[in-house]
Amino acid sequence: MIYDIPQSLQGEDVQFTFESPLQAALGQEKQGQSQAVAQILLGAAQIEQAPGAVNVDINSMIRDTISGSGAPAKWLRSEDEVAQIMQQQQAAQQQAAEVQQLQQGAQTVNDMANAAQSVQSLARSA
């Protein structure tokens, strides 16, 4: 028996997804892979803090471990993307540090101005 496509769906891009044991197993596999990736990242963060960690290229280790875990390749950003993101993060950290220095400098100038006013007030009242 052939049914006509409802008028509301005609010309629309409609995709159907069917639930099956295979679909459920694939979803569980992705969940397991994401948990494995999370564990890899947590472990790498601990290693990075360890004495002697400077001897290890943590980023390469993470990439190789994630690739070997069976996680989909599309989960990994390209090395160029990673380099660009790291550069942006470093620039943002540097900018934040500069802003903090300017704020401290402004606070020091303000404190000195207040101290000078206090000294002038004491001198006038003496």
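Each value in this text was obtained by applying a stated rule to the coordinates, not by laboratory testing. What you are looking at is a predicted structure, and each value in this text was computed from that prediction instead of being measured. Every residue, glycine among them, receives a Cβ derived from its backbone with ideal geometry; neighbour counts consider all protein chains shown.
Structure above, values below:
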| item | result |
| --- | --- |
| Condition met for Val37 (in a helix (DSSP H, G or I) and surrounded by 10 or more Cβ atoms within 10 Å (Cβ to Cβ)) | yes |
| Qualifying residue in region 52-60 (condition: in contact (Cβ under 8 Å) with a residue 12 or more places away in the chain and surrounded by 10 or more Cβ atoms within 10 Å (Cβ to Cβ)) | yes |
